[in-house]
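Just below is one structure, and these are the notes that go with it.
The values are calculated or read from the model by the stated rules, or taken from the named source; none is laboratory data. This structure is a prediction, so every number in the text was calculated from the model and none was measured. Here the Cβ positions follow ideal geometry from the backbone for every residue, glycine too, while neighbour counts run over all protein chains shown. Just so you know, the surface numbers come from the protein's heavy atoms only, side chains and all, with ligands and any DNA or RNA stripped out. Shrake-Rupley method; radii C 1.70, N 1.55, O 1.52, S 1.80 Å.
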Amino acid sequence: MHTDVLIAGAGPTGLALGIDLARRGVDALVVEREGTLFPGSRGKGFQPRTMEVFDDLGVIDAIHAAGGTYPVGMIWKNGERAGEHHMFDPAEPSEDSPYNRAWMVPQWRTQEILAARLAELGGGIAFGHEVVGVSQDDESVTARLSSGGTVRSRYLVAADGGRSAVRRALGIGMTGEPVDPNPTLVADVRINGLDRDNWHVFPPREGDDLLAICPLAGTEDFQVMARFPEGADVDTSPDGVRKVVAERSHIAAEDVTEVRWASDFRPRAALADRFRSGRVFIAGDAAHVHSPAGGQGLNTSVQDAYNLGWKLDAVLTGSAPATLLDSYEEERRPVAAEMLDLSTAVHRGEVRRGGATRQLGIGYRQSSLTVETRDTVDEGAIRAGDRAPDGRVDGVRIFDAFRGPHWTLLALGATAPPVPESVPVVRGPGHGTYGTGLFLVRPDGYVGWAGQDATGLGGYLARFGLA
């Protein structure tokens, strides 16, 4: 079997990449070692930047319909409500950041939505196939499957999780540390008699540890998270889940009417030493493993895919040289390192879930793809390398202009030069967020080139086959 891009893993990372490639017409195959999509809620929160990605990928309406905002935390003591706890610093949507709040959708539902979008675009998932061996030459990659047989592709993307078989086959190490030696139980359950208006928190009492029960938006389920002492054996059976809920709260064991999924983990932070080996790239949990605190792991993973998709397409179609793919690790590894530090700090209570966790401030100012030609830029104005925010220009919503697998030129208080038809142009006066000038926005929503006039723009466009 042959394909242009083989994607190992049908989690959020692999599915997002599959969608991005499918809408570009790239021949890609997603393979998944399990027989079905992941059944649990482990990654349940989307940061505003990821919601912007979902807007572009055509799934934002489904994501909105499937989820909801995070509830206010409620502290319980001795079976009584003892006070509220706000999990996130407040933030309201604005014109330049229309999704400026965390949004909750359980992971299993997210993957259903992404898989449906992939199918709508003509793609699919081959279940029961794990990539267990990799060889490559100057022209292609050959992946050996656990089910027997091989797949030959021009590129392979390993999105096969924290225990990535592909990463191990490549001999790429991970550097990191335990974030918390205490093991944690996580489970999706049904509970009678517990309201869905709050994220219920039961602080540690003598002889036990923290218990938190969060209603999962858009479902009838709750997510249970229970921390255990270092070295403890965690019982993930239905009876084990019921026992820990009953011991640490006022909820009777029999009121946990159903245990739909359960697992355990030990929070850690680890970063792959490399994000690429020849024609093989690693993304998502295969490249960086986070504590769940702060909701950075899944979000960073989806954005890995969003960064890589347009670059693979440009190289595969011959629009850009293969060296463009070097920028994937250059841009994404520092971001992953930064988000790992943030996740760990939130887990340890050193910082709140505030502006940094929304990931709107992530950018690539130092990237080799970034060109800023203006000598001076007003304080707070958008520079090359920054996320390109939303807004309105002469009645046109900027995100509507960005949507789709293309570059976009914003000409704000400046004259737009002739550009290829494949690059839409939005013209208007100077903008309160952007200032004035020309802003060439990459397919993944970051300003690649900025200038007060068109000097040098043609040469930049030529780098990507757009001149």
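Computed values, structure above
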{"read-out": "Test: GLY14 is open to solvent by 40 Å² or more (accessible area, probe 1.4 Å) and of a type in the set (Gly, Ala, Ser)", "value": "no"}
{"read-out": "Enumerated strands (runs of 3 or more DSSP E) restricted to the stretch 75-149, each holding at least 3 residues that are crowded, with 16+ Cβ neighbours inside 10 Å and either within 21 Å of the chain's Cα centre (by Cα) or modelled with pLDDT of 95 or more (or both)", "value": "131-136, 141-145"}
{"read-out": "Subset of the stretch 183-198 that is out of contact with any helix residue (DSSP H, G or I) (no Cβ under 6 Å at 6 or more places or on another chain) and open to solvent by 30 Å² or more (accessible area, probe 1.4 Å) - its residue that is farthest from LEU17 (Cα to Cα)", "value": "ASP195"}
{"read-out": "PRO418 being part of a loop (DSSP other than H, G, I, E, B) and closer than 18 Å to VAL53 by Cβ", "value": "no"}
{"read-out": "Unique match (being open to solvent by less than 20 Å² (accessible area, probe 1.4 Å), in contact (Cβ under 8 Å) with a residue 24 or more places away in the chain and at positive phi) among GLY465, GLY445, GLY456", "value": "GLY445"}
{"read-out": "Residue within the stretch 422-439 that is of a type outside the set (Val, Ile, Thr), within 21 Å of ASP20 (Cα to Cα), open to solvent by less than 10 Å² (accessible area, probe 1.4 Å) and modelled with pLDDT of 95 or more present", "value": "no"}
{"read-out": "Residues of the stretch 292-321 classified as at pLDDT below 95, part of a loop (DSSP other than H, G, I, E, B) and either in contact with a Gly (Cβ under 8 Å, 6 or more places away or on another chain) or surrounded by fewer than 24 Cβ atoms within 10 Å (Cβ to Cβ) (or both), total", "value": "3"}
{"read-out": "Neighbours by Cβ (under 6 Å, 6+ apart or cross-chain): first from the stretch 356-381, surrounded by 16 or more Cβ atoms within 10 Å (Cβ to Cβ); second of a type in the set (Phe, Trp, Tyr)", "value": "TYR364/TYR446; THR370/TYR364; VAL371/TRP449; VAL371/TYR460"}
{"read-out": "Options PHE54, PHE46: the member that is aromatic (Phe, Trp, Tyr) and touching a helix residue (DSSP H, G or I) at 6+ places or on another chain (Cβ under 6 Å)", "value": "PHE54"}
{"read-out": "So TYR155, is it open to solvent by less than 40 Å² (accessible area, probe 1.4 Å), of a type in the set (Phe, Trp, Tyr) and more than 20 Å from the chain's Cα centre (by Cα)", "value": "yes"}
{"read-out": "Conditions (1) at pLDDT below 95; (2) on the phi < 0 side of the Ramachandran plot; (3) not in a strand (DSSP E or B); number of the one not met by GLY193", "value": "(2)"}
{"read-out": "Answer from ARG33, ARG23 - the residue that is within 30 Å of PHE281 (Cα to Cα), basic (Lys, Arg), in contact with a Leu (Cβ under 7 Å, 6 or more places away or on another chain) and open to solvent by 20 Å² or more (accessible area, probe 1.4 Å)", "value": "ARG23"}
{"read-out": "Hits in the stretch 252-285 - residues which are basic (Lys, Arg) and open to solvent by less than 60 Å² (accessible area, probe 1.4 Å)", "value": "ARG276, ARG279"}
{"read-out": "Within the stretch 2-11, tally of residues that are open to solvent by 10 Å² or more (accessible area, probe 1.4 Å), at pLDDT 95 or above and closer than 13 Å to SER153 by Cβ", "value": "1"}
{"read-out": "Candidates VAL234, VAL244 - the one that is within 16 Å of SER263 (Cβ to Cβ), of a type in the set (Val, Ile, Thr), crowded, with 17+ Cβ neighbours inside 10 Å and in contact with a Pro (Cβ under 9 Å, 6 or more places away or on another chain)", "value": "VAL234"}
{"read-out": "Pick from the stretch 212-231, criterion in contact with a helix residue (DSSP H, G or I) (Cβ under 7 Å, 6 or more places away or on another chain) and in a strand (DSSP E or B), ranking: surrounded by the most Cβ atoms within 10 Å (Cβ to Cβ)", "value": "VAL224"}
{"read-out": "Residues of the stretch 51-73 satisfying the condition of being modelled with pLDDT of 95 or more, open to solvent by 20 Å² or more (accessible area, probe 1.4 Å) and either farther than 23 Å from ARG387 by Cβ or more than 21 Å from the chain's Cα centre (by Cα) (or both)", "value": "ALA62, ALA65"}
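Per-residue answers, yes or no, for (1) within 18 Å of THR69 (Cα to Cα); (2) of a type outside the set (Asp, Glu):
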{"site": "ILE191", "(1), (2)": "no, yes"}
{"site": "LEU194", "(1), (2)": "no, yes"}
{"site": "ALA217", "(1), (2)": "yes, yes"}
{"site": "ALA226", "(1), (2)": "no, yes"}
{"site": "ASP235", "(1), (2)": "no, no"}
{"site": "ALA246", "(1), (2)": "no, yes"}
{"site": "SER249", "(1), (2)": "no, yes"}
